[in-house]
Amino acid sequence: MSCKELVELVTDYLDGSLSWRQRRRFEKHIAACPGCTAYVEQLRTTVRLVGTLSEDSIPPDTREELLAAFRDWKRA
C-alpha cells in the first residue's frame, strides 16, 4: 500500500469499514511508515476533540468561516 492509498482509506479505517484484507494492508503500512502513523494519530486526535464540540460552542463568525471554507473546497 502506498501513502496515497492510505490517505484515501483512512476514514474507512477509522470507521472500521475496511475489509479484513484492506485493514491488514493498512496496518502493515502504518507499522513501517512513521509519517502515515503520525497522520493516522493526528486524525484520531482530531476526531476525538471535534466530537466534543457542539454547534453552540462555535462562535457565529467562526462557524461562517468554516462553512465558507468547505464550500470553496468542495468547488475546487
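The values are calculated or read from the model by the stated rules, or taken from the named source; none is laboratory data. Because the structure is predicted, anything quoted here is derived from the model rather than measured. FYI the Cβ positions are ideal-geometry reconstructions off the backbone, even for glycines, and counts take in every protein chain you see. These accessible areas exclude ligands, DNA and RNA; they are computed on the full protein's heavy atoms, side chains included. Shrake-Rupley method; radii C 1.70, N 1.55, O 1.52, S 1.80 Å.
Checked against (1) over 16 Å from the mean Cα position of the chain (by Cα); (2) surrounded by 11 or more Cβ atoms within 10 Å (Cβ to Cβ); (3) of a type in the set (Phe, Trp, Tyr), Tyr13 meets all criteria but (1).
How many residues are farther than 22 Å from Cys3 by Cβ and open to solvent by 70 Å² or more (accessible area, probe 1.4 Å) when one looks only at the range 21-66? Outline the logic, then answer.
Our first condition is that a residue be farther than 22 Å from Cys3 by Cβ; within the range 21-66, this holds for 48-66.
So of that shortlist, the ones also open to solvent by 70 Å² or more (accessible area, probe 1.4 Å) come out as 48-50, 52-53, 55-56, 60-61, 63-66.
Residues that pass the stated criteria total 13.
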